[in-house]
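Structure first, commentary second.
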Amino acid sequence: MKVETVRLIRLVGAIVLIILLIALVRSSIFSVKESEQAVIATFGRYTRTVSAGLHGKLPWPFQSVTVLPANLTQKIELGYISDSSGNYFSIPEESMMITGDMNIVNIDFFVEWKISDPVKYLYTTENPTEILKNLLQSTVRTIVGTKNIDDVLTTGKIQIQSDVKDMLQARLNENDIGLMVIDVKVNDSEPPTEDVAKAFRDVETAKQEKETALNQALEYKNSKLPAANASADKIIRDAEAAKESKIKEATGQRDRFLAMFNEYLNFPAITRERMYLEALEEILPGITVYIDDGTGVEKLLPLEDLTPAEAAAAATGE
């Protein structure tokens, strides 16, 4: 009876030992998938980081392993939450913000991030993802608070996304928690009430109509500009021709005046009389004028070629 008891105890001990050995082996060997990385700690202190494959370690409690996703893009939502079915649930206390021109707007963000340093991610802080969300909310409120509502609702979304990404990454670098921002997207932005939303839709429609009118005006301008340029060139050429004509006419009048002046200097009496007769001829066109200078010889204006009979009659006064 005692022998059987001893054998039973030995058997149980052997079984327990085998179980312990199996547990020891299983706790000393672990595998890491392609999309994962593992951090090994010895008595709670970081030892090393291993990538995909089969690895060994000291059994618990000497060493522990924490498996993390490697280069896996993860997401965080601000202002809303979505489930696996694609349903969308708004969180007003996160999405409602004040713009730089003191308007209220609802804006939602979708952020993609990944673990850049697994050691810092595990040991710098207790909850790095919660810190990321808090930093995101603070950053978004800071950026939106510098924009006017028109930018937030319409054309300024791309710039807001870029500004939020840059500021958020800078703050993560300052906190040094091993996270990297991959992308930031404005998921949606809208005014808090339907009346305000309608007003902004009207504004957007007006802007589009403005762009259409500007394009039409530009098209009309381009269609009329060649003809207008041609007409302007013709007017300029005509003006240049008129200018040259006036210059030539003025030059001719000047030359005639100078010639007459020089003649006057040489023969003043004859020149005065000639000018006097030419003036009478210009004032009394088509009229024959006889001038008697007291000598009995009559002068005829305009001076005409007389036949011998007419000359004799003029000499006799008949």
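The values are calculated or read from the model by the stated rules, or taken from the named source; none is laboratory data. As the structure is a computational prediction, the values presented were derived from the model and not from experiment. Every residue, glycine as well, gets a Cβ built from its backbone with ideal geometry; the counts of neighbours run over all protein chains shown.
Overview of results
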| read-out | value |
| --- | --- |
| Candidate set: the range 70-102, residues that are crowded, with 18+ Cβ neighbours inside 10 Å and not hydrophobic (A, V, I, L, M, F, W, C); chosen: the one farthest from Val184 (Cα to Cα) | Thr99 |
| Qualifying residue in the range 194-205 (condition: among the basic types (Lys, Arg), over 30 Å from Thr99 (Cβ atoms) and free of Cβ contacts under 8 Å to residues at least 40 places away in the same chain) | no |
| Residue within the range 177-200 that is in a helix (DSSP H, G or I), within 30 Å of Val65 (Cβ to Cβ), over 26 Å from the mean Cα position of the chain (by Cα) and of a type in the set (Asp, Glu) present | no |
| Of the criteria (1) under 13 Å from Leu68 (Cα atoms); (2) at pLDDT 75 or above, which one Ser35 fails | (2) |
| Residue list for the range 37-64, filter: hydrophobic (A, V, I, L, M, F, W, C) and surrounded by 16 or more Cβ atoms within 10 Å (Cβ to Cβ) | Ala38, Val39, Ile40, Ala41, Val50 |
| Strands (runs of 3 or more DSSP E) (entirely within the range 69-148) containing at least 1 residues that are over 20 Å from Asp166 (Cα atoms) | 80-82, 88-90, 96-98, 104-115 |
| Residue in the range 7-30 that is closer than 20 Å to Pro118 by Cβ and modelled with pLDDT of 70 or more present | yes |
| From the options Ile177, Ile131, Ile107, Ile182, residue that is touching a residue at least 60 places away in the same chain (Cβ under 8 Å) and closer than 30 Å to Val50 by Cβ | Ile182 |
| Any hit, the range 56-64, residues being among the hydrophobic types (A, V, I, L, M, F, W, C) and either in contact with a Leu (Cβ under 6 Å, 6 or more places away or on another chain) or at pLDDT 75 or above (or both) | no |
| Of residues in the range 51-73 being hydrophobic (A, V, I, L, M, F, W, C) and under 47 Å from the mean Cα position of the chain (by Cα), the one farthest from Tyr123 (Cα to Cα) | Ala52 |
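The rows are residues; the columns are (1) more than 30 Å from Asp108 (Cα to Cα); (2) touching a Cys at 6+ places or on another chain (Cβ under 8 Å); (3) not charged (D, E, K, R).
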{"residue": "Met167", "(1), (2), (3)": "no, no, yes"}
{"residue": "Glu174", "(1), (2), (3)": "no, no, no"}
{"residue": "Ile177", "(1), (2), (3)": "no, no, yes"}
{"residue": "Ala206", "(1), (2), (3)": "no, no, yes"}
{"residue": "Ala232", "(1), (2), (3)": "yes, no, yes"}
{"residue": "Arg237", "(1), (2), (3)": "yes, no, no"}
{"residue": "Leu258", "(1), (2), (3)": "yes, no, yes"}
{"residue": "Ala269", "(1), (2), (3)": "yes, no, yes"}
{"residue": "Met275", "(1), (2), (3)": "yes, no, yes"}
